[in-house]
Amino acid sequence: MPKKILHMLTPHKHVSPFDANMAADAGYDLILPYESVELTEVADLVQDAIFSRPPAHGTSTTIFFGGDDAILALDMIEAAKNALVAPFGVHVFADPQGSFTTAAAMVACVEKILVAKKGGGLAGRRIAVFGATGVVGYCSAVIAALEGAEVTLVGHSGVQRVRERAAQMRVRFGVEVDSVNGKTDAEKAAVLAKTDIVFSAAKAGVRVLSAKLVEAAPHLLVAADVNAVPPAGIEGVGVFDNGVAIAGSQTLGLGALAVGNVKYQTEAGLFRRMLAAEDEVLSLDFRDAFKLARSLVPEL
Ligand SMILES: NC(=O)c1ccc[n+]([C@@H]2O[C@H](COP(=O)([O-])OP(=O)(O)OC[C@H]3O[C@@H](n4cnc5c(N)ncnc54)[C@H](OP(=O)(O)O)[C@@H]3O)[C@@H](O)[C@H]2O)c1
């Protein structure tokens, strides 16, 4: 049997130890880090990897892309796929900063809460994404919009940067999302007045919404927070909460470690899927992560 080899490429100075551990536990024999990799270097690295093994062994080689930029990671996936020369192939997978699997897990958990406790899924729901310029916020916005939700990207440093993200999403994924500024409490309250669901995906340790804002939100069904570092991104949401009412409101909370549990299983599951796929080469991104996460969310 050929060895299962994972080449981990990142534009950063270091590959993520988290991802390396996940890959080792999933069963890779050899995990090799490539750091400070530029987009223009991806094709050469991929071709260097494919020609060293017979085509039938291509499914024993995986190229993984890290970093902290969703668009760059997706561009790297495309560059890798374009570099393949038939009949040679390899699996490709990106999960920059764990964001693809984290976003997938958060959206899948929210969907489960909606279906179980609020009647209906994501389609048509008004979703406000805080931290939308980060990778987790970006991917969760796209996943939800692809599921038919009405998504608003909420800016923290003016509307320009979220507007640019919205334009990128339109071009790349064909989704229309709104963008607004939401830095002050008054601006946040105005956003929440027209919101059914919040995804809170801002920087670790940052409080995005106070309990007062949540209590005053007239339509807020679910408030999801991926920040596990105190204080919680949404006051009143416990890290293990999964569809539990936030004190003083009717809103159901989803906490970072409830999301993290599904995220962890999703990333492990995608590595295992590539290790098991002997007859076809796979290309996996956050849309594949979402499909898997949906099947992993525990019943409520
Ligand atoms: N639970 C899990 O399994 C899991 C896994 C991975 C990551 N995470 C968490 O997911 C969150 C997002 O991570 P990330 O890598 O996507 O992004 P990040 O780089 O950690 O955060 C960037 C986002 O936070 C916003 N932000 C910064 N300060 C803010 C403030 N005071 N108020 C509101 N927004 C603020 C930024 O807005 P500007 O660009 O405008 O500054 C940007 O949109 C983090 O809390 C991270 O720890 C959780």
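Structure notes:
- Among the trypsin sites (Lys or Arg not before Pro) in the range 88-126, none sits in a DSSP loop with a Cβ that has at most 13 other Cβ atoms within 10 Å.
- Rounded to 0.05, the FRET efficiency of the Ala116 and Arg272 pair, given R0 = 30 Å and the Cβ-Cβ distance, is 0.65.
- Between helix 70-83 and the chain: long-axis angle, C-alpha atoms, 0 to 90°, nearest 10: 20
- Comparing mean-square fluctuations of Asp44, Asp95, Asp75 from a GNM of the chain with C-alpha springs under 10 Å, the top value falls on Asp44.
- Multiplying the residue separation of Leu32 and Ser52 by 0.36 nm and removing their Cα-Cα distance gives an extension gain of 5.7 nm.
- In order along the range 35-47, the Karplus-derived 3J(HN,Hα) couplings, from 6.51 cos²θ - 1.76 cosθ + 1.60 at θ = phi - 60°, round to 10, 6, 7, 9, 3, 5, 9, 5, 4, 4, 5, 5, 5 Hz, and Gly and Pro are given as x.
- Between the range 255-290 and the range 1-72, the C-alpha centres lie 15 angstrom from each other.
- Each 20 Å bin, from zero up to the one with the longest distance, holds this percent of the alpha carbon pairs of the chain: 36, 53, 12, 0.
- Applying a threshold of 22 Å to the alpha-carbon distances of Lys183/Lys203; Lys112/Lys203; Lys263/Lys291; Lys3/Lys291; Lys188/Lys212; Lys117/Lys194 flags Lys112/Lys203; Lys3/Lys291 as lying beyond it.
- Inter-label distance for Ala123 and Ala245, nm, one decimal - labels placed 7 Å from Cα along Cα-to-Cβ: 3.0
- Low-density loop positions, GluC sites (Glu not before Pro), the range 145-230 - DSSP coil, at most 14 other Cβ in 10 Å: Glu176
- Placing a pseudo-label 7 Å from each Cα along the Cα-to-Cβ vector at Val229 and Ala204 gives an inter-label distance of 0.5 nm.
- Once both labels are positioned 7 Å from their Cα atoms along Cα-to-Cβ, the gap between Ala24 and Asp178 label points is 4.8 nm.
No value in this document is a laboratory result; all are computed from the given coordinates. Computed from a prediction, not measured in an experiment: that's the story for all the values here. Virtual Cβ from ideal backbone geometry, glycine too; neighbours counted across all protein chains shown.
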